[in-house]
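Report on one structure; see the data block that follows.
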There are 2 protein chains.
Amino acid sequence: MYPKPTLFTCLSPALLHLYDISDSIVVIIDVLRATSTIATALYNGASAIIPVASVERCIELGHQLNGITAGERDGKVAEGLAYGNSPFEYPREFIDNKLLVLTTTNGTKLLHMALDKNAKEIITGSFANLSAICDYLLKKNTNVILGCSAWKDRINIEDTLFAGAVINRIQHAFEINCDSSHLAQRLDISAESKYFEYLKVNNASHYRRLTAYGLEEDIKYCLTPDLANIVPLFIEDRLIIAKS
Amino acid sequence: MYPKPTLFTCLSPALLHLYDISDSIVVIIDVLRATSTIATALYNGASAIIPVASVERCIELGHQLNGITAGERDGKVAEGLAYGNSPFEYPREFIDNKLLVLTTTNGTKLLHMALDKNAKEIITGSFANLSAICDYLLKKNTNVILGCSAWKDRINIEDTLFAGAVINRIQHAFEINCDSSHLAQRLDISAESKYFEYLKVNNASHYRRLTAYGLEEDIKYCLTPDLANIVPLFIEDRLIIAKS
């Protein structure tokens, strides 16, 4: 029998340096809301999504490539951009066949870190594409790093929950020697698949932050599994749907 | 009513920079085995414990101050030192009225980081002194950072468990807006106070490491609450028993 591939969970970008990611698929997780919106826009027909770090770069690329510019700062559409970070802004009738240039803070930062550290492959995960991610990782049979984007490097409940949900579905196929993965699994078990209620009842820090902006419906969507079951794969400078 | 003091949990030394510790009591947690041994040696009468980073410094200070030198590397007493990291090496008949100079890796590193970042006060915590730590923090009524020493910056189960055990006992007295604290609390609840069995069943990474060195009895001791209920307080260069 061949040895199983390994799986590790990295709960904050500030811990990524502890892992050798060059032989791993890195799953970028930013549940509220970057990777949920990415899955949704691609699922609804976006031709590609280019994640960028700054508002300036977003405006520049949007202009150059005739793309939709999107991104928020402090819960509002950033000045100079056309749209925000909500998955509800990207239904098929709007985003089909369009290129989206998206700037987010935590998720984009981790993605670029993974790129700089020569990740073997980068995909993005969220509850919206939970099953697609699990199927993909099982099929690939390669080492995995579940990378939580966290909030300004502080570990958060929702990204950890998603990591746990993935591990609890695919652990049989991986060698897991990682206490952070165990923590994530326990959290997922505690939530009993009622992710929205779990965040609400436990007053998660990001739940509080986003509801203050009136975004409770966004949170509900972002914590519902399998509404946009595709795998966003990063190739060159953009995310596209991975071939299954 | 006055606002409650805050409590945060820092799950790895690599995340300590995210917290302002200058107005907080920092609890250094290194359950396997540094802070368990520290509590035990002080409880059994050691006059003080000087934690140092290197074996060289340990030898030097031990000589200068006529202290017991102790420390391990890779599960063995380090060359040039007299004793190891096991709490069983420090019964009253041996350590009473003696000065211990102790070198450990993870715990000492975090303690010195907290010192460099001007922590208001530094104490050390472990299951051996769980109740004493809780009583102390309740009485002090000051902001708290629970600092897990982790393993080479990787989050571990046992330190997180201890943080959770503390929080679940004292949360009523603190304002807790910290997802890492929530993770720790969930882990503690999962363990149902059977800490040793929990580490064993879940094959925690450090459990595996130490049992490979034949240290199962050490682990059992280090996961048993309240065997050495004093509070080690760092003053100048050494840990002594805090006045109650």
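Derivation of every value follows stated rules applied to the coordinates shown; laboratory data play no part. Note that this is a predicted model, so its numbers are computed, not measured. Every residue, glycine among them, receives a Cβ derived from its backbone with ideal geometry; neighbour counts consider all protein chains shown.
Observations on the structure shown:
- The protein assembly as shown pair-distance distribution - Cα-Cα, 10 Å bins, rounded %: 4, 20, 27, 22, 15, 8, 3, 0
- Structure-based [θ]222 nm, chain B - -39500 (n - 2.57) summed over DSSP H runs of at least 4, per residue, nearest 500: -11500 deg cm²/dmol
- Other protein chain C-beta atoms within 10 Å of residue C-beta, averaged over A:11-18: 5.
- Sequentially through the stretch B:37-54, phi angles give Karplus couplings (6.51, -1.76, 1.60; θ = phi - 60°) of 5, 4, 4, 5, 5, 5, 4, 8, x, 3, 6, 5, 10, 9, x, 10, 7, 10 Hz, Gly and Pro residues having no value and appearing as x.
- Kirkwood-Stokes translational diffusion coefficient of the stretch B:105-154, alpha-carbon pairs, 25 °C, 0.890 mPa s, µm²/s: 205 µm²/s
- Straight Cα distances below 15 angstrom link residue A:140 to the aspartates and glutamates A:23, A:121, A:175, with same-chain residues fewer than 8 positions distant left out.
- Across the stretch B:1-59 the C-alpha pair distances fall into 5 Å bins from zero in the proportions 4, 12, 17, 19, 19, 15, 9, 4, 1, 1, 0 percent.
- Cross-link pairs beyond the 20 Å C-alpha cut-off, checked among B:76/B:152; A:4/B:220; B:109/B:139; A:4/A:139: A:4/B:220; B:109/B:139
- Cβ-Cβ FRET estimate between residue B:177 and residue A:60, R0 fixed at 35 Å, reported to 0.05: 0.40
- For the segment B:154-162, counting C-beta atoms of other chains within 10 Å of every residue's C-beta and taking the mean gives 4.
- Sequentially through the stretch B:191-197, phi angles give Karplus couplings (6.51, -1.76, 1.60; θ = phi - 60°) of 6, 6, 6, 9, 5, 5, 4 Hz, Gly and Pro residues having no value and appearing as x.
- Calculated from backbone phi, Karplus (6.51, -1.76, 1.60) coupling profile of the stretch A:200-207 in Hz, x at Gly/Pro: 5, 4, 8, 6, 4, 4, 6, 4
- With its label point defined 7 Å out from Cα along the Cα-to-Cβ axis, residue B:79 lies at 6.4 nm from the matching points of the other copies, in increasing order.
- If the convex hull is drawn through the Cα atoms of chain A, its volume per residue in Å³: 112 Å³
- Net charge of neighbours whose Cβ lies under 9 Å from the Cβ of residue B:86, counting Lys and Arg as +1 and Asp and Glu as -1: -3
- Kirkwood's formula applied to the C-alpha pairs of the stretch B:173-244 gives a hydrodynamic radius of 15.0 angstrom.
- Beta bridges assigned by DSSP with both partners in the protein assembly as shown are antiparallel in approximately 25 percent of cases.
- Placing a label point 7 Å from Cα along the Cα-to-Cβ direction at residue A:141 gives distances to the equivalent points in the other copies of 6.4 nm, listed shortest first.
- Cα pair count fraction exceeding 24 Å, expressed as % - the stretch B:97-190: 21 percent
- Fluctuation leader among B:188, B:159, B:179 - chain B, Gaussian network, Cα springs under 10 angstrom: B:179
- Placed amide H near residue B:6: partners under 5 Å, 5+ positions off or other chain: B:143, B:144, B:175
- Taking every residue in B:173-179 and counting other chain Cβ atoms within 10 Å of its Cβ, the average works out to 4.
- Teacher prompt: residue B:216 distances to equivalent labels in other copies, 7 Å Cα→Cβ, nm: 5.3
- Every Cα-Cα pair of the stretch B:117-242 was included, and the share exceeding 21 Å stands at 41 percent.
- DSSP-assigned coil residues among trypsin sites (Lys or Arg not before Pro) in the stretch A:123-195, each with at most 13 further Cβ atoms within 10 Å: A:152, A:194
- At q = 0.12, 0.17 Å⁻¹ the log10 of I(q)/I(0) for the stretch B:1-131 amounts to -0.48, -0.90, computed by Debye summation with a single uniform scatterer per C-alpha, solvent ignored.
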